[in-house]
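Worksheet: the structure to be examined is printed underneath.
Readers should treat all values here as calculations from the given coordinates under stated rules, not as data from a laboratory. These figures come from a predicted structure and were not determined experimentally. Cβ: placed from backbone, ideal geometry, glycine included. Neighbour counts: every protein chain shown.
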Amino acid sequence: MFSLRAASKTYASGTKALENITADIAPGEFVALLGPSGCGKSTLLRLLAGLETPSSGEIAWENSQKPEPGEIGFVFQDATLMPWLNAADNIYLPLRLRGIRKTEAQPKIDAILAQVGLADFAKARPKALSGGMRMRVSIARALISEPILLLMDEPFAALDEFTRHRLQDDLHTLWRRSGKTIIFVTHSIYEAAYLASRIIVMSPRPGRIAADIRTTLPDGEERRTSPAYTSLVTDITRTLHEIMPHE
Amino acid sequence: MNKWLERLAPIAFGIIALSAWQGAVSALHVPFYVVPGPIDIARAYLTDYAVLNPALLSTLTVTFAALLVATAVGVALAVAMAASPLFRAAVQPWAVMLQVTPIVAIAPLIILWVSQPFIALVVCASIIAFFPILSNTAAGLAATPQDLQDLFRLNGASRWQVLFLLSLPSALPNFLTGLRISGTLALVGAVVAEFVAGSGGFASGLAYRIIEASYRLEIPRMFAALVLLGVSGIVIYAALGLLERVLLRKRDA
C-alpha cells in the first residue's frame, strides 16, 4: 500500500522525533506501532495522514496514488466529537464536508451506527454517552467515508479494561471482515499482540524501528487465551527490554 | 427552600434598604432637593413618565444599535485575527489602545466629526462595547481543539467549513460571555456619549434628562432617571444571561 523510505522528522525545536524509518506496508495488514512514550509513533501516524511532512526521506504510495481526502480515516486518543452535534451528525461530518446531503447519507449513517452497536443512540449527544460509546462514534465517523487506510492513535488508552476488550474484539472482527489496512498506535504489549497481524516495535528518542514481528494467532474465541498469544507477549516483552535504555 | 430564600434575598434586602432610606429621610427632615426619599422619586416618575419613558427608549435604542455594531465588528475582527496571525499582530495593539482610552476623551471628537447625532452616539457606545466581544471570541476561536481541526483537514474541509462548522460553534460560549459584558457596557457607552453630547447632541436620551434635571435642581426626577438606567442595566444583563443559557442548552443538550 505504501513504503516509508528513510523517513525522518525533526521538529523546528530540534527534537528528533523519527529517524530513518523504512518499512513496506501491504494492503490489508493490521500493523501495531508499539513503543514507549516519546518514541515518535504518533508523529509517524501524522506523517502518514499527511498532517505533517517528513524532514527527509519520503512516503511512497502504491502506484503513486496519494490518498484523497476521506480515503484516510483517523481515530484520535480522545473521541474528539463535537459536543453540539448528536451521534448521527458527528458521524455524518466527513460526508457533510464533501458536500453530500444528509438525506443521501442517511442510509449509510444508519448502517454504520448499527455496525458499531449504537443504532438506538443516533440522537444522543456525546455528553449523554459513555466513554466506550463515544469512541464507537469516533470509529464510525472514521469509517463512514470508506477509507482504504485507517490510522488509530491509542484510541482505547483512556477506556476501562472491560470496555477496551469489547472494542478490541469488535475492531479485530471489523478488520477481518473488511480487509482494511489499519495502522494502530499503542503502548500496550497486550493490545498489540491481540489486535495486529504485524507489530512494529519502536525504540525511544529518536524513534527507530527496533523490531518487526509478523504474528500468526488463531482468530476467534481462543485468540486471547491461546498459548501462541502468551508466547507472543513474552517475545515482545523481551524485545522491549532489550531496546529500552537501562538505568 | 434554600433556593427560594436565595431568590427572595435581593428583593427583601431592597425593601429593607428602601424603607431605611425613606425612614431616615423622613425622620431627619432632609429636604427633597438634597436627598429625596423613594416615595419622592416614585412620585417624580409618575409625574414625568411622559418625558422619562421616551428618553429611556431613546437611550435603549442607542444601546441596542451599539451592541449590534459591536457584535458585528468584534466577531469580524476576531475571525480575521484567528485567520491571519499577521492581521492579529497588526490590529491587536490598536484595539487594546482604543479600549484603554477613556471614551469621555474621544467622544467630543466623534460628536464633532459625525454630524448625525444618533450615529455619533452609536459609534461612541460601540467603541466601549466591542472589546469584550472581540477578546472573548478571539480566545474561543484560538481554543478550537487541534484534533478536530486535523480531522477537518483530513477530510479536505475548506476554510469556511472549518470556520462555520467548527471554530464558530466551539467559540460560542466565549462569545456569549463577551456579549453579556458588552451589553451592559453598551448602555454605559450610550449614557456617557449622551452626557458629552449634551444639548448639542440628540437631546433626548436619559443622560440629557439627568443633566437637565440637575440644572433645575429637580433631584427626585434625576434619581428617577438613574433608577431607570439601573433597572435597564440589570434587565439587559439578565436577558443576555438567559440567551446564553438557552443557546448553550440548545447547542449541547
Eligible lysines near A:Lys9 by straight Cα distance, threshold 21 Å, same-chain separation 8 or greater: A:Lys41, A:Lys66
Using alpha-carbon coordinates, inclination of helix A:131-143 to the longest axis of chain A, degrees: 90 degrees
Extreme residue, positive dipole direction of the protein assembly as shown, given options B:Gln146, A:Thr181, B:Val188 (C-beta unit charges): B:Val188
Estimated FRET transfer efficiency when R0 is 25 angstrom, pair A:Thr53-B:Ala89 (beta carbons, to 0.05): 0.45
Expected 222 nm ellipticity per residue - DSSP helices of 4 or more, -39500 (n - 2.57), all of chain B, to 500: -29000 deg cm²/dmol
Distant-in-sequence amide H partners of A:Ile213 (H built 1.01 Å from N, under 5 Å): A:Ile199, A:Ile200, A:Val201
Exposure proxy order (Cβ contacts within 10 Å, fewest to most) of B:Ser170, A:Ser188: A:Ser188, B:Ser170
Among A:Ser145, A:Leu85, A:Gln106 the positive-end extreme of the charge dipole of the range A:80-147 (Cβ point charges): A:Leu85
Range of Cα positions in chain A per principal axis (Å), largest first: 55, 42, 34
From the C-alpha gyration tensor of chain B, square roots of 5λ in Å: 42, 25, 13
Peptide A:71-77, shielding by other chains (average Cβ, 10 Å cutoff): 3
Cα-based reach from B:Lys250 at 20 Å (exclusive), listing aspartates and glutamates while leaving out same-chain residues under 8 positions away: A:Asp89
Order of A:Tyr190, B:Tyr33 under a 10 Å beta carbon neighbour criterion, fewest first: B:Tyr33, A:Tyr190
Signed unit charges on C-beta, dipole axis of the protein assembly as shown, positive-most listed residue A:Leu232, B:Leu168, B:Phe64: B:Phe64
Theoretical ellipticity at 222 nm over chain A - DSSP helices of four or more residues, -39500 (n - 2.57) apiece, nearest 500: -11500 deg cm²/dmol
DSSP beta bridges in the protein assembly as shown [antiparallel fraction, %, rounded to 5]: 45 percent
J(HN,Hα) series, the range B:215-224, from Karplus relation 6.51 cos²θ - 1.76 cosθ + 1.60, nearest Hz, glycine and proline x: 4, 8, 6, 8, 4, x, 5, 4, 4, 4
Inter-label distance, nm, simple model (7 Å from Cα along the C-beta direction), A:Ile243/A:Arg176: 2.8 nm
Rounded to 10°, Cα long-axis angle of helix B:117-142 versus longest principal axis of chain B: 40 degrees
Among A:Arg198, A:Arg101, A:Arg208: highest mean-square fluctuation, GNM of chain A, C-alpha pairs under 10 Å: A:Arg101
Using alpha-carbon coordinates, inclination of helix A:227-243 to the longest axis of chain A, degrees: 60 degrees
Within the range B:1-149: Cβ-based charge dipole about Cα centre, in debye rounded to nearest 20 (Lys, Arg +1; Asp, Glu -1): 60 debye
Total charge dipole magnitude, the range A:169-240, about the Cα centre, Cβ charges on Lys, Arg, Asp, Glu only, Debye to nearest 20: 320 debye
Calculated diffusion of the protein assembly as shown, Stokes-Einstein form, Kirkwood radius summed over Cα pairs, 25 °C and 0.890 mPa s, µm²/s: 89 µm²/s
For chain A, built as a Gaussian network whose Cα springs stay under 10 Å, the top-fluctuating residue of A:Glu161, A:Glu52, A:Glu221: A:Glu221
